[in-house]
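First up is the structure itself, then whatever we jot down about it.
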Amino acid sequence: MSLKENLQADIIAAMKARETNKLATLRLLSAAIKQREVDSQTTLDDAAVIAVIEKACKQRRESIAQYQQANRLDLVEVEQYELDIISAYLPAQMSDTEINQAVADAIAQTGATSMQDMGKVMGVLKGALAGKADMSKVSTLIKTQLS
């Protein structure tokens, strides 16, 4: 079952269970996927759907940080709830040690020695870690290892 089919099945299940908050979140995610399909005029495969889900998760994390700074805990709860539902559709995340090892391997593979080579390392890791790791965390690790 593809991710889109799984999402549609969960939307139907949320409708039947009358889970309005979950249903609204799943519909937002489904709409984002359909919008990407319309924009690109193609049917998205699972990798492209994961990219849409990652973007939605990133938006929620940024919103949570801003709401926490503004001391709006009611909105933080809403965003955290949506993040929990959306992130369930992502593949299992890598551990910190696995990410560190992947970064070290990519640096060795590309022969990177300075911050100028960061683009090369990110290029190698972007495809390998897509959906499996938070790329902002990966970027931070690359910066620390290259500096």
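The values are calculated or read from the model by the stated rules, or taken from the named source; none is laboratory data. Remember, it's a predicted structure, so these values are computed and weren't measured experimentally. Positions of Cβ are backbone-derived with ideal geometry, glycine not excepted, and every protein chain shown enters the neighbour counts. Ligands, DNA and RNA are stripped out before the accessible areas are found, and what is left, the full protein with its side chains, is counted by its heavy atoms. Shrake-Rupley method; radii C 1.70, N 1.55, O 1.52, S 1.80 Å.
By accessible area, using a 1.4 Å probe on protein heavy atoms only, the chain has 52% of its surface on carbon and sulfur. In a DSSP loop and with at most 15 other Cβ atoms within 10 Å, the trypsin sites (Lys or Arg not before Pro) in segment 29-85 are R72.
Once you have the alpha carbon radius of gyration of the chain, what is it after dividing by 2.2 N^0.38 Å, with N set to its residue count?
On the way: Rg = 17.8 Å, N = 147, 2.2 N^0.38 = 14.7 Å.
Rg over 2.2 N^0.38 Å, computed on Cα atoms: 1.21.
Summary of the geometry: segment 107-134 and segment 7-51, compared by the centres of their Cα atoms, lie 30 Å apart. What the chain shows is 62 Å² of accessible area per residue, with the surface traced by a 1.4 Å probe over protein heavy atoms. Of the DSSP H helices in the chain, none is both long (alpha-carbon extent of 18 Å or more along the helix axis) and hydrophobic (Kyte-Doolittle mean at least 1.0).
So if we plug the beta-carbon distance of A70 and S40 into 1/(1 + (r/R0)^6) with R0 = 41 Å, what FRET efficiency do we get, rounded to 0.05? So, using R0 = 41 Å, E works out to roughly 0.70.
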